[in-house]
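Let me begin by presenting the structure, written as structure tokens, before commenting on it.
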Amino acid sequence: MKQRPQSGTELTVPSLHRWNAVLWVLLGVVPPALAVADAPGATRFPVLALLAVLALSYGAVGLFPGSPVLRHRPYLYVLVVGLGAMSYLLDGSAALFVVTLPHFWIYTASARAAIALSGLAAAGVVAGNVVRQGWDGEFFTGNVIFTLIGYAAGVLIGLVVRHISEDADERARRLRAELEDARLRLVEAHQRQGAADERERLAREIHDTLAQGFASIVVLAEAARSGLEDDPGRAARQLLAIENTARENLAEARVLVGAAPRGGVAAGSVADTLRRTLDRFTEDTGIGVTAHLPDVACDQQTRIALLRCTQESLANVRKHAGASAVEVVLTAQAYGVELEITDDGRGFVAEDSHGFGLHGMRERLAELGGDLTVTSSVGDGTRVLAMVPTTTDGQD
């Protein structure tokens, strides 16, 4: 299987510059230095001094690229003068000129400047050779011809490389623009999804709290109105239940709009919370409830989820089941907490039910890693089983 190259071995612009520096020293600086090792002092010392100046200038520019003092353009002028002087001292320096050509393309911002400065350097090399040979000497020597060929090849290669580099930069610019556009679209999509999730959460909370409360108020009001003459005492209790339900709805509304702490459920054990809900259900509907509610430890989110499932299930019993009895069982299992709500009502075909209430219960439990199982058939009542897995968070 082919492996990707490690980051330390990938060819980058800085690594190419380092390789160019190595080749420039080995092929451009070292050969002239070795050539004058046995030369007379009048030739050896000026050549070595000039090579040292060129090497130090190149090193300073490479090591301090952002320095306001060591600028690229002065270094290139030093190269032009140095190459011309080297051509005079050594009777030609075409090899050093050819090896140095990349510097004119690396340290200039435009192809025109690179061509002009490298052409000036080529003219300096040719002029140094002519002055060394004398005006009576042969003009087209090997060094001159090699210099002119190197300059022409350098211009051609430089233009090609510059074009490739500019094309790559343009592709990179377009890619960055596309990536930025994709990032902005992704942010907008996340915002839209977040808004949609919040709307769904609010709809679920309203359905599980305010809508159920208002439905209860309507039922109690109808019952109280019909019993005002026949049973004033019962009607008074129903009016008190309407008042309490309205107060609870007001508290829930404040929670939904952020005017009260989130949760909307009084502190206490899950058994106490469910017991209060079941007592209110019996008081409002007259339907008998059998409850097995041991003191099960669970966190606040689990307690709220089980309460909402109980409220929704009891609301369905009141509106649709026509039941005479309800049984509620809370159980602590090794894998989590289970809540089972069973009624003896008319039942329904569970596979055909797609109501918002059941969907909301499933979504609420799924957020905690739990699930909801609804078993029912026509004439045989309904069984709702909610399971929430045990968490390692702090318990109530």
May I ask you to verify whether residue 56 is among the aliphatic types (A, V, I, L, M), more than 19 Å from residue 158 (Cα to Cα) and either at pLDDT 85 or above or outside any loop (DSSP other than H, G, I, E, B) (or both)?
-> yes
Hey, any hits in region 243-256 for a residue that's closer than 21 Å to residue 308 by Cβ, at pLDDT 75 or above, in contact with a strand residue (DSSP E or B) (Cβ under 9 Å, 6 or more places away or on another chain) and open to solvent by 40 Å² or more (accessible area, probe 1.4 Å)?
-> no
Residue set 277, 285; condition open to solvent by 10 Å² or more (accessible area, probe 1.4 Å), in contact (Cβ under 8 Å) with a residue 40 or more places away in the chain and of a type in the set (Ser, Thr, Tyr); output residue 285
Flagged pairs (Cβ under 6 angstrom, 6 or more apart or on separate chains; first in region 365-387, over 10 Å from residue 313 (Cβ atoms); second among the aromatic types (Phe, Trp, Tyr)) are 376/348
Residue in region 304-328 that is most open to solvent (accessible area, probe 1.4 Å), counting only those that are outside any helix (DSSP H, G or I) and more than 22 Å from residue 271 (Cβ to Cβ) | 324
Filter region 268-301 for residues that are over 22 Å from residue 237 (Cβ atoms) and over 46 Å from the mean Cα position of the chain (by Cα) and give the result.
-> 290, 292
Is it the case that some residue within region 125-135 is without any contact (Cβ under 8 Å) to a residue 60 or more places away in the chain and loosely packed, with under 13 Cβ neighbours inside 10 Å?
-> yes
Residue under evaluation residue 266, criteria (1) modelled with pLDDT under 75; (2) part of a helix (DSSP H, G or I); (3) open to solvent by 40 Å² or more (accessible area, probe 1.4 Å), criterion not met = (2)
With 90, 63 as the choices, which residue is buried (at least 16 other Cβ atoms within 10 Å of the Cβ), more than 16 Å from residue 23 (Cα to Cα) and at pLDDT below 90?
-> 90
Hey, residue 290 hits all of (1) open to solvent by less than 70 Å² (accessible area, probe 1.4 Å); (2) in contact with an Asp or Glu (Cβ under 7 Å, 6 or more places away or on another chain) but one; which does it fall short on?
-> (1)
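The values are calculated or read from the model by the stated rules, or taken from the named source; none is laboratory data. All of these numbers come straight from a predicted model, not from anything done at the bench. As a convention, Cβ positions derive from the backbone with ideal geometry for all residues, glycine included, and neighbour counts pool all protein chains shown. What goes into the accessible areas is simple: the full protein's heavy atoms, side chains included, and nothing from ligands, DNA or RNA. Shrake-Rupley method; radii C 1.70, N 1.55, O 1.52, S 1.80 Å.
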